[in-house]
Every structure is written in C-alpha cells, then in structure tokens.
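Beneath this line is the structure, given in structure tokens, with notes to follow.
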Amino acid sequence: MDSKSLEMLDFRQISEIVAGFTSFSASRELALNLQPLSDYEQIFLLLRQSTEARHLLSLEPAFSIGGAFDIREAVKMAAQGKVLEPQGLLEIQQTLAAMRQLRGSLEKISEEFPLLWNNASGIVELRQLEKDVASCLAPNGEVLDSASPRLAAVRRQLRQVRQQLLDRLKVTMESPRGRTVVQEPIITEREGRYVIPVRIEHRKEIKGIVHDVSNSGATVFIEPWVTVELGNTLRELVVEESHEIERILASLSAAVGTYEIEISQGVALTAELDLAVAKAKYARKARATEPILTAYNKDGSTLEGKPAPVLRLVEARHPLLAEKAVPLSVEIGRDFSILVITGPNTGGKTVALKTIGLLSLMAQAGLPIPASAESRIPVFDGVFADIGDEQSIEKTLSTFSWHIGNIVRIINSATERSLVLLDELGTSTDPAEGSALARSILLYFLSRGTIAVATTHFSDLKAFAHTTPGLQNASLDFDPVTLTPTYHLTIGIPGGSNALATAARLGLSPDIVSRAKEMLTRGSEEMETLLTNLLEEKHGIEALRDDLKRKTDEVARRNIELENEQRRLAEEERKTIQETRDRVVREAAELHQEIRQAASALRKERTKERIEQAKQAFAAVREQLKNEVWQPKTREIGDETEDEGRITVGDMVRLREANLVTTVLSVSEETQQVEVQAGQAKLRLGLNSVEKVKVTPGTAPPEFTPVKRLVMSRPVSMELDLRGKRADEVEWALDRYLNAASLANLSEVRIIHGIGTGAVREIVRELLASHPLVKSFRPGVRGEGGDGATVVRL
C-alpha cells in the first residue's frame, strides 16, 4: 500500500486506537504494525477471526488473555546460555501459565470458535517447566529454600552461625567494659561483616578489626576478635549460598532455553489471539462490524464474475469522529465507477472522501469497520489519495505543484484494481484550465476502469459528471433555511458551493457578501438557485417516500396481525370441535355401556321387574339420542373437503387385510378403535386397519361380500379363559374373541368359565345362544373341562 496515502488517510491513528485494547507488548506491537493487505484469503481469514472474537466477547464480556509478557528475547538469551534473573524467570512462568489457561479456555469452546482454537491449538503446554520455576522462586523473585536440598542446608547453617555471631556481639556490648566503650548498644553491618559502634577514644580497649568510621569521626565500627572466626564462617556460607542460587538459576535458564521454539511460537500465537480480541473490543466500542469482502480476478473482474467491482458502504461513519460522525451511504462500481462530490465549503466533502478510503484500508487490514454489515468492499491492490496541502517555500513547492505531484504518483501506480481519492481536483490554478485538467484526469481513470472519488467546486465539472456515462454526481446537502451544512450525502444530484452563505455564517461583513452577490454572473446565480430548488424538491420527495414507507409498513403490520388473529381463531375452533367430538364419544360410550348393562341384566334375570328396568333404560337412551348433539348438522359448501378422510358412524370402510367392505357402527377416538358390521358379524378393529370407501352421489354403495377364507396375520388361541373376570367384562371379551376366531377360520373353540356359582357360565351360554357367529355349542365332556367349559362350533 502507498505509505503517503496511508498517512493522508490517518491509518496510523486507527492502529494506535486498536493497540490501546491489547493486553501485552507483543500484541500491541502487532497492532501498531498493522498494514492493509491485498491477499483475499488472508484478509478473509482475519475478518472471520474478528467475527469469532466479537461473538466470544458477546458471550464472555470479561474475556482476556491474562498476565502474559513478551518473553521471546529472554528465552532467546537463555537458549544462548545466559543465566536469567529471577524476575525474568517469573515472567516466563506467568506467561506459560497464561498461555496454558488461554489454550484450555478455547479448547472447551473449540467447536463454536474453530478459527480462534486453530491458533490456540498451536500453543504447547509446558506444565513441568512452569511448575519447576514456581517451586524455586517466590512471587517477589526470592529463591526458595525448597529450590534444592543443598540451598536449604546452607541457609540453615547460615541462620545458626548468624545467631551465634549476634549472641557473642551482644554479650560483648552488655559486659561492664562494653557498656563504657560502646557508642550505642546496636549491632550493625559493614562490608558484609557484623560490627559494633565504639567511641573513638576507647577504640583500643576492644581488640578487633576496624571496618568503618562515622562521618563525624566520633565512632569507629569494630569487629571484635572473638567474632572474627564466626564472621569468616558466615562469609563463606554466604558465598556458598550465592553459588548455589546461581546454579539453580542457571539450571532453570537452561531448561527455558531448551524450549525456545515452543515458547516463542506460543507467545506469537497468543499475541495474534490478543489482537483478535482487541479488534473485537474496538468493534464493541465503535459499533463496528466486518464487511462483505469481494476479490478480483487477474483480469480485474470480481471472483463472482461481475464485470466491475462494487464498493458499497451503508451507514458508514468516520472512525476518528466517534459520536460526531454523520453516517453516509454510497455505492460505486455498479452503474458508475467515478463519483464527483460537490457541496458547500466546510460541508464534509473531505470527511466523506477520507471515510471511504480509511474504511477500505481498515477492512484490508482485517479490522471491523464502523458501518452496517451489508457494506461490501473489494480487495484493492492499492488505495491512493491526494488530500490536503503541503506547500513548501524551502522546496519552492506551491499548492498546485504539490497536488500535481501526487496525481502523477497516483497515475503511475494505480491500476484497474485500485481506489483513487482526489480532493479539490483541479484547484489552486486558473479555474478554466484547472477544470479542463480535472475532466481529463477523470476520463483517464474512467478508461482504466479504476474506482475513483473526487471532490470539486467547479460547476462545469458537475455538468460533465451529469452528461458522461460512468460518472455520477453526489452532493453534501445544505439547509437553505438555516444556511448550514447537514453533512448528508445524496447520490445523483450536484450540490452548490454556497460560498457566500458560508462566508456570512463564518462572520464576513454583510456589505461584502451583498456586493459579492451583485458581482455574480446571471448564469452562476441561476445555477445556484436551480440547485437550491432541486434540493428542496428532493427533500419533499424524500418526505413523501418516508411517509409512504411508514404507511406501507403499517399496512404490512396490520396484515400480519390479522393473519395471526385468523390463525388463533382457527386454532380455537379446531380445539372446540375436538373437545365437542371427544365429549360426544364419551357420551356414546356411556350410552353403549348402559345398553350392554341392560342387555346383560336381562340375560341374567328375566323377571318382569328386570324387563321393566331395561325398558326404562332403553327409553332413557332414546331420549338422550334425541339431543341435538346427536343430530346431523347441515354442512356448508366446502366443509366436505375438511372431513373427507375422517371416518364417522355410517361410513363404508374396507378392511385392509381382508379387502372386505363393512359399515361403521361406532368410532372411539380415545382408544383409536372402530366397530363395524360385516354381514351378521360385528368386529372391533384399530382405525389404522381400515380405510374409508368413497361413495359417489347417485351410485349404490358396495355390497357386502361374504368372507370365504381369511387368514389372520397373528395366530388365535383355540380357547378363551374367562375365569376370574367380572360379569361386566365377560361379554366384551367373549364377543372380541369370537370375532377373532371367525376371522382366523377356526371351526371349533372352547370357552373356559369354571363352575363356581355358575354366573359366568350362564352369561356365556346366553351370549352364545344369540351370537350371529355361533353355529352351536355344548357343555364340555370329560377331558374338555366338563361343565366348567363350553365347546362352541362357529
């Protein structure tokens, strides 16, 4: 990327902002060295990592790398044989722990964050090295006694000898002579030796070695002869302790140096992960997101095969203006490749130019941009800008010369895959020549197919952009009422410079402004008036469009509400119908039970009283059947299709396994069973074993075909055992068994009812006497159960 353009677009400031969100020096260095890339795959990967990091922060807002340090230089020195200081070893231990914890955290969520885990998986855990350093060094850097047995022994001796030495010095000071010669009853240290302060006039009264004299000369510091030997021993132990500490540090340093490659790689990967998290933190603060990336082919077209790339920014904000930024939306490359922006002075043209350029650079550096996720940015091979003014008296460089120098540099470097940004094109010279030069430059970039954005105040350049295919006007709006810029970008309409209004707003004398208006040519004044009127009309159209959109949205919202209400009512109707059907089925089951109980009672005891009770029960049932619930309802047209496949009483159904057409007697939705009439036989089957037979109006229903031979898929026993069953269970069980036995083509079966009181036997034989499937029956003989069984021929 062009370094001069990066400077003009303030890319360095963005790098510094992102660096402020990093956790340690290695990732901060990566952030400060961020550069826009031109490799699509690499940029795409960086943006996806940023997306994952944003998602991670949304789940764990406090996520952080932890207490890591850039220890690569220290590790390199250790690999070269240098002994590291305790503080350096502690930083290595803390960094190893932070990297281990980071790897562990991302491993747990690796499926949800595969790209971040791909980085973290390369971190090598060095638990033993981490443990060795932690066991040898205290948090303050002191080497612990537990670092080695030898160090522990030496320090134990040191404490003993030191205590002996201090005890002897104390005895010396507290002796009668000592009290007279000692300046103060304290023991101090000079040059690593323990001494006592003695008055200068008594220095010869205590034999020993003088190690120091006070500044005043009144005190000498003497090591008495009686403690010299102990002092020598103490000194030797101190040296030995120092050597052992040196040996321990050397051993730890060597261990660190052994893993130089693994540790350095781990720090680099940790820095990359921290940078991804820093991007996410920046995105959270700046309300930024990753744009859609478009790559070029070698011929200049996009990978999607489109003839020209599209740069599309939606609700884009300049990242350095924070909350003061006014969002802009722009699309270049679909209908035109060159955009000419006009508008009032101090109206935001340069900011718009920088926003387009800076956001493109940020995206190519793998950074989220403060714009909508719909934004689309091609991968440019270069972003070139001519913005600002660097005239120099020393270099005899005028403003015009400086601009032309930049444009020459851009023309020599830009390709059809570049982005070119030109501020105040053609200014700082004769307006006629500058305008002609500006048009020629824009035509050059148009012929190359290069995406370019230029700002200008030239009226004929506005007309040129309006009449030339491939060019498009845009304006930064100016409020004609308040005479202030709105900083809102409008595509398709040129804007007026409004120089006189701006000058008046900035405090120029009204007389001067009025005289300047009189000096304007009629054409210029008419052009400014026309542009103002166009802008007013545009605002009116936008207001109408917004009102229409609001009304359209309201209609759509009401339609959705109506559809939801219709669905709710339909669901309530369905539930009501289902509840009613369930209630009817329950009532039908109760009526059926009453009928069976009455019939059973008649068979058990045919007395006048029982017959009268049965008549009353049947009469009650008939009354209930007159209830409107049991009466057929008149259907409306179209209702038939809803229940077309539903099986109801009176329908003709076909038995799937027997291909037998029967009539439905009753349906139980609770048990999902249906009772059918097949000739003289009544059968009870599952709903899934029958299918409804459609009867066309005006045609006769299918006739019942007697079954000659029907083989059940499941075997039926030759006998039915009713012993232990209650009287009200016998009839149902026997009827069901006879149906099954008949369908199984059994000619003779045995019903076991036992003897007991004879009640079950009576019920069974009464039922058999009237059952349509029974040909004859007899009591069992010897070997068949005697009178405790009944043999039935079907």
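Quick check: is even one residue across region 269-287 touching a strand residue (DSSP E or B) at 6+ places or on another chain (Cβ under 8 Å) and more than 22 Å from Gln87 (Cβ to Cβ)?
Yes; the residues of region 269-287 include at least one that is touching a strand residue (DSSP E or B) at 6+ places or on another chain (Cβ under 8 Å) and more than 22 Å from Gln87 (Cβ to Cβ).
Among the residues of region 115-145, what is the count of those that are surrounded by fewer than 18 Cβ atoms within 10 Å (Cβ to Cβ), out of contact with any Lys or Arg (no Cβ under 8 Å at 6 or more places or on another chain) and of a type in the set (D, E, K, R)?
2
Scan region 218-268 for residues that are in a helix (DSSP H, G or I), among the small types (Gly, Ala, Ser), in contact with a helix residue (DSSP H, G or I) (Cβ under 6 Å, 6 or more places away or on another chain) and surrounded by fewer than 19 Cβ atoms within 10 Å (Cβ to Cβ) and jot them down. Write out each step before concluding.
Filtering region 218-268 for residues in a helix (DSSP H, G or I) gives 225-258, 260-268.
From what is left, the residues that are among the small types (Gly, Ala, Ser) are 231, 242, 250-251, 253-255, 257, 264, 266, 268.
If we keep only those that are in contact with a helix residue (DSSP H, G or I) (Cβ under 6 Å, 6 or more places away or on another chain) as well, we get 253, 255, 257, 264, 266.
Within region 218-268, Ala255, Ser264 meet the criteria.
Take the conditions in contact (Cβ under 8 Å) with a residue 40 or more places away in the chain, in contact with a Pro (Cβ under 9 Å, 6 or more places away or on another chain) and either open to solvent by less than 10 Å² (accessible area, probe 1.4 Å) or assigned to a helix (DSSP H, G or I) (or both) and apply them to Arg162. Does it pass?
no
I'm trying to understand the selection: among the residues of region 184-217, which are under 14 Å from Met173 (Cβ atoms), in contact with a helix residue (DSSP H, G or I) (Cβ under 7 Å, 6 or more places away or on another chain) and open to solvent by less than 50 Å² (accessible area, probe 1.4 Å)?
Selection gives Tyr194, Ile196, Val198, His202, Ile206, Gly208.
What pairs come out if I take residues in region 96-116 that are over 15 Å from Leu59 (Cα atoms) and pair them with residues that are open to solvent by 50 Å² or more (accessible area, probe 1.4 Å) and part of a helix (DSSP H, G or I) whose C-beta lies under 6 Å away, six or more apart or interchain?
Leu115/Arg48
I'd like the residue in region 55-104 that is of a type in the set (Val, Ile, Thr) and modelled with pLDDT of 90 or more and, out of all such residues, is most open to solvent (accessible area, probe 1.4 Å). Lay out the reasoning, then the answer.
Narrowing region 55-104 to residues of a type in the set (Val, Ile, Thr): 65, 71, 75, 83, 92, 95.
Still in the running and modelled with pLDDT of 90 or more: 71, 75, 83, 92, 95.
Values: Ile71: 4, Val75: 0, Val83: 48, Ile92: 0, Thr95: 2 Å².
Selected residue: Val83.
So which of Ser5, Ser25, Ser50 is in contact with a strand residue (DSSP E or B) (Cβ under 7 Å, 6 or more places away or on another chain) and among the small types (Gly, Ala, Ser)? Give the derivation first.
Values: Ser25 fails: in contact with a strand residue (DSSP E or B) (Cβ under 7 Å, 6 or more places away or on another chain); Ser50 fails: in contact with a strand residue (DSSP E or B) (Cβ under 7 Å, 6 or more places away or on another chain).
Every option except Ser5 fails the conditions.
If you go through region 334-366 one residue at a time, how many are open to solvent by 10 Å² or more (accessible area, probe 1.4 Å), within 19 Å of Pro309 (Cβ to Cβ) and either assigned to a helix (DSSP H, G or I) or among the small types (Gly, Ala, Ser) (or both)?
Within region 334-366, residues that are open to solvent by 10 Å² or more (accessible area, probe 1.4 Å), within 19 Å of Pro309 (Cβ to Cβ) and either assigned to a helix (DSSP H, G or I) or among the small types (Gly, Ala, Ser) (or both) number 1.
Do the conditions hold for Ser146, that is, is it among the small types (Gly, Ala, Ser), part of a helix (DSSP H, G or I) and farther than 20 Å from Glu241 by Cβ?
It is false that Ser146 is among the small types (Gly, Ala, Ser), part of a helix (DSSP H, G or I) and farther than 20 Å from Glu241 by Cβ.
Of Thr467, Thr529, Thr484, which residue is modelled with pLDDT under 70 and more than 24 Å from Thr355 (Cβ to Cβ)? Walk me through it before giving the result.
Details: Thr467 fails: modelled with pLDDT under 70; Thr484 fails: more than 24 Å from Thr355 (Cβ to Cβ).
Just one listed residue meets the conditions, Thr529.
Condition first: under 19 Å from Phe336 (Cα atoms) and either at pLDDT below 90 or among the acidic types (Asp, Glu) (or both). Can you find one or more residues in region 395-404 that meet it?
no
Restricting attention to region 428-457, which residues are under 49 Å from the mean Cα position of the chain (by Cα) and not in a helix (DSSP H, G or I)?
Gly449, Thr450, Ile451, Ala452, Val453, Ala454, Thr455, Thr456, His457
Check Glu52, Glu41, Glu73 and return the single one that is under 30 Å from Glu142 (Cα atoms) and assigned to a helix (DSSP H, G or I).
Checking each option against the conditions leaves just Glu73.
Can you tell me which residue within region 282-316, out of those that are at positive phi and modelled with pLDDT of 90 or more, is least open to solvent (accessible area, probe 1.4 Å)?
Step by step, filter region 282-316, then rank; the result is Glu315.
When region 690-719 is examined, which residues are found to be among the small types (Gly, Ala, Ser) and either at pLDDT 80 or above or under 21 Å from Glu748 (Cβ atoms) (or both)? Steps first, answer last, please.
Filtering region 690-719 down to residues among the small types (Gly, Ala, Ser) leaves 698, 700, 713, 717.
The one that is among the small types (Gly, Ala, Ser) and either at pLDDT 80 or above or under 21 Å from Glu748 (Cβ atoms) (or both): Ser717.
Here is a check on your reading of the model: is Arg177 over 30 Å from Ala254 (Cα atoms), open to solvent by 60 Å² or more (accessible area, probe 1.4 Å), out of contact with any strand residue (DSSP E or B) (no Cβ under 8 Å at 6 or more places or on another chain) and of a type outside the set (S, T, N, Q)?
Spelling it out, Arg177 is indeed over 30 Å from Ala254 (Cα atoms), open to solvent by 60 Å² or more (accessible area, probe 1.4 Å), out of contact with any strand residue (DSSP E or B) (no Cβ under 8 Å at 6 or more places or on another chain) and of a type outside the set (S, T, N, Q).
Regarding Gln624, is this residue more than 60 Å from the chain's Cα centre (by Cα), closer than 30 Å to Thr790 by Cβ and either outside any strand (DSSP E or B) or modelled with pLDDT of 75 or more (or both)?
No.
The values are calculated or read from the model by the stated rules, or taken from the named source; none is laboratory data. Every value quoted in this text rests on a predicted model; they were computed, and no experiment measured them. Quick reminder, even Gly has a Cβ in these numbers, built from the backbone with ideal geometry, and neighbours come from all protein chains shown. Heavy atoms of the whole protein, side chains included, go into the accessibility calculation; ligands, DNA and RNA do not. Shrake-Rupley method; radii C 1.70, N 1.55, O 1.52, S 1.80 Å.
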